[in-house]
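The values are calculated or read from the model by the stated rules, or taken from the named source; none is laboratory data. What you see is a predicted model, and the numbers here were worked out from it, not measured in a lab. Here Cβ is always computed from backbone atoms with ideal geometry, including for glycine, and neighbour counts include all displayed protein chains.
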Amino acid sequence: MVNEYAPLKGIKVVDWTQVQSGPSCTQILAWLGADVIKIEKPGTGDPTRNQLLDIEDSWGIYYLQLNANKKSLTLNAKTESGHKVLTELLKNADIFIENIKPGAVEKLGFGWEQVHALNPRLIMGTIKGFNKGSRFENVKAYEPVAQCSGGAASTTGWNEGEFNVPTQSAAALGDSNSGMHLCIGILAALMQREHTGEGTYVYQSMRNATLNLCRIKLRDQIMLDNLGALPHYSVYGKPGYKWGKAIPRTENTEGGQVIGWCYKAKGWETDPNAYVYIVIQDPKKSWESVCTAIEKPELIDDPRFDTWQHRQLHKEEMYAEIEDYTKNFDKYELTDKLGKAGVPVGPVIDWYEIENDPELNSDGTIVTINQGGNRGEYKTIGLPFTMANYTPDYKRAPDLGENNVEILEGLGFSDDDIKGMVEEGTISEARGPKNAKPEVQLNF
Ligand SMILES: CC(C)(COP(=O)(O)OP(=O)(O)OC[C@H]1O[C@@H](n2cnc3c(N)ncnc32)[C@H](O)[C@@H]1OP(=O)(O)O)[C@@H](O)C(=O)NCCC(=O)NCCS
């Protein structure tokens with residue numbers, strides 16, 4: 001793999017982000033070769049440094065997975081000297097990203113108008129829970145807030161029984177997804193600056209990032225408005241089900257005019273992930289492929305299943321027929337057999353399997369980074385796309401304030417200035433992790 005030229009080489013990023021949403025954006029920028037300086041609160045740093053600890057004297061894996069290849073500067077932006085340092089940093093930066101409390105950067109003098117006046121070429125990126133002007137604009141947000149307000153939770157889960165509650169997806173639709181959306185805007189702004197010579201302000205709400213990934217639910221809502229029912233939803237045709245104004249939860253159905261369901265595979269009794277997902281496409285030929293693959297050719301012309309509309313109406317019976325076959329083979333055998341027959345099929349893979357998958361561990365999907373210290377090597381999901389002429393050089397995440405001195409000296413501050421900043425609490429001295437291995441109760 002050629003690694004001659006990092007796409008963002010020479011681009012300077014001031015990264016005032018924390019937790020997941022903002023750091024996931026600046027993580028991509030760092031892996032694309034930008035110089036990323038992360039601003040952290042003196043003494044404590046990003047909250048994820050010390051959250052969910054698993055190893056003695058080691059930063060939390062959460063922090064490491066989002067802050068590799070960055071530099072760390074502890075900085076209290078509320079003091080006079082802290083304000084001065086951040087001002088100097090921004091004067092020389094290309095990109096400024098923040099996701100602190102709504103209203104906080106403006107209060108501290110680093111809102112868009114303020115930084116634009118300071119450095120007209122600077123591009124600023126913000127992540128907040130909600131849009132500017134929203135009635136929720138000043139509400140603080142974490143992942144579930146975005147999933148609930150962004151149309152994901154109301155449509156995820158089951159429609160009957162005790163589990164008929166709005167449910168979160170495991171995918172970070174509000175967090176990393178917002179970071180990826182912001183990253184698109186930032187890269188677009190960089191290109192735009194080539195033409196205008198001026199930076200712009202990119203604002204990404206977590207709610208909008210979630211809505212964008214759930215956009216097909218709006219297709220379903222419009223269909224429901226027009227039809228009063230949705231043939232592709234699992235509740236369709238269920239005796240006693242009453243359609244309301246809003247679309248129901250999706251359960252395990254597929255979103256298009258095809259029938260998808262999750263079927264038990266061999267071992268399902270003891271392994272909660274011994275399942276395969278099979279999609280039956282519309283054309284008759286696709287149904288024929290499924291019937292042939294599951295060795296039930298007699299079902300090809302069965303009037304309950306011969307068209308997609310009939311299959312929708314009799315889906316419970318169809319599921320039973322297919323599962324009668326899938327239960328006899330493990331999920332990998334099924335993927336092989338059905339895949340070869342041209343049927344879209346996927347094994348349900350759990351995270352133990354993902355962590356140890358030789359393919360994912362060798363093709364650059366899961367990368368191993370040496371953090372040193374007690375942590376040693378750890379795994380993370382690397383740059384999720386590949387570039388034909390570039391692969392990131394994956395490096396460790398910084399200790400808290402590890403780069404204080406080099407950054408401050410680079411800005412022209414003297415040793416005495418730096419000592420003064422430590423004394424007044426503007427910066428805290430660099431330090432490594434210090435924690436005991438947490439005790440967990442295994443059987444309670
Ligand atoms: C994540 C979030 C909920 C945390 O809120 P929080 O616990 O209040 O923490 P914050 O660090 O953002 O802000 C707390 C205070 O620290 C201050 N602060 C943050 N970094 C600082 C720094 N480097 N120097 C000085 N002050 C700092 C803020 O100005 C704020 O001060 P105030 O309470 O006097 O106004 C909130 O920042 C938020 O909603 N962010 C936007 C949405 C988002 O990205 N969420 C995270 C998803 S992973």
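Summary of values
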| read-out | value |
| --- | --- |
| Conditions (1) at positive phi; (2) more than 10 Å from the ligand (Cβ to nearest atom); number of the one not met by Gly45 | (2) |
| Flag if Ile61 is β-branched (Val, Ile, Thr), away from the ligand (no atom under 12 Å from the Cβ), assigned by TED's automatic domain parsing to the domain that holds Val202 and more than 17 Å from Met180 (Cα to Cα) | yes |
| Subset of the range 127-150 (residues that are within 6 Å of the ligand (Cβ to nearest atom) and closer than 14 Å to Leu211 by Cβ) | Gly129, Ala141 |
| The range 80-135, residues that are β-branched (Val, Ile, Thr) and in a loop (DSSP other than H, G, I, E, B) | Ile100 |
| From Ala6, Ala30, residue being under 21 Å from Leu182 (Cα atoms), among the hydrophobic types (A, V, I, L, M, F, W, C) and part of a loop (DSSP other than H, G, I, E, B) | Ala6 |
| Those residues of the range 95-125 which are more than 15 Å from the ligand (Cβ to nearest atom), among the charged types (D, E, K, R) and surrounded by 18 or more Cβ atoms within 10 Å (Cβ to Cβ), in sequence order | none |
| Qualifying residue in the range 14-23 (condition: under 21 Å from the mean Cα position of the chain (by Cα), charged (D, E, K, R), near the ligand (Cβ under 10 Å from one of its atoms) and outside any helix (DSSP H, G or I)) | no |
| Criterion: among the small types (Gly, Ala, Ser) and either in contact with a strand residue (DSSP E or B) (Cβ under 6 Å, 6 or more places away or on another chain) or farther than 22 Å from Asp220 by Cα (or both) - qualifying residue of Gly244, Gly256, Gly240, Gly260 | Gly260 |
| Residue list for the range 49-65, filter: aliphatic (A, V, I, L, M), surrounded by 17 or more Cβ atoms within 10 Å (Cβ to Cβ) and farther than 15 Å from Gly401 by Cα | Leu53, Ile55, Ile61 |
| Some residue of the range 358-374 being in contact (Cβ under 8 Å) with a residue 40 or more places away in the chain, buried (at least 17 other Cβ atoms within 10 Å of the Cβ) and in contact with a helix residue (DSSP H, G or I) (Cβ under 7 Å, 6 or more places away or on another chain) | yes |
| Pairs with Cβ under 8 Å, 6+ apart, first in the range 98-111 and under 10 Å from Gly129 (Cα atoms), second basic (Lys, Arg) and near the ligand (Cβ under 6 Å from one of its atoms) | Asn99/Lys128; Lys101/Lys140; Pro102/Lys128; Pro102/Lys140 |
| Elements of type strands (runs of 3 or more DSSP E) in the range 326-444, at least 2 residues being β-branched (Val, Ile, Thr) and in the same structural domain as Glu88 (by TED's automatic domain parsing) | 366-370, 377-381 |
| Residues being assigned to a helix (DSSP H, G or I), of a type in the set (Ser, Thr, Tyr) and surrounded by fewer than 18 Cβ atoms within 10 Å (Cβ to Cβ) - total across the range 176-207 | 1 |
| Only one of Leu173, Leu218, Leu227 that is at pLDDT 95 or above and either surrounded by 18 or more Cβ atoms within 10 Å (Cβ to Cβ) or charged (D, E, K, R) (or both) | Leu173 |
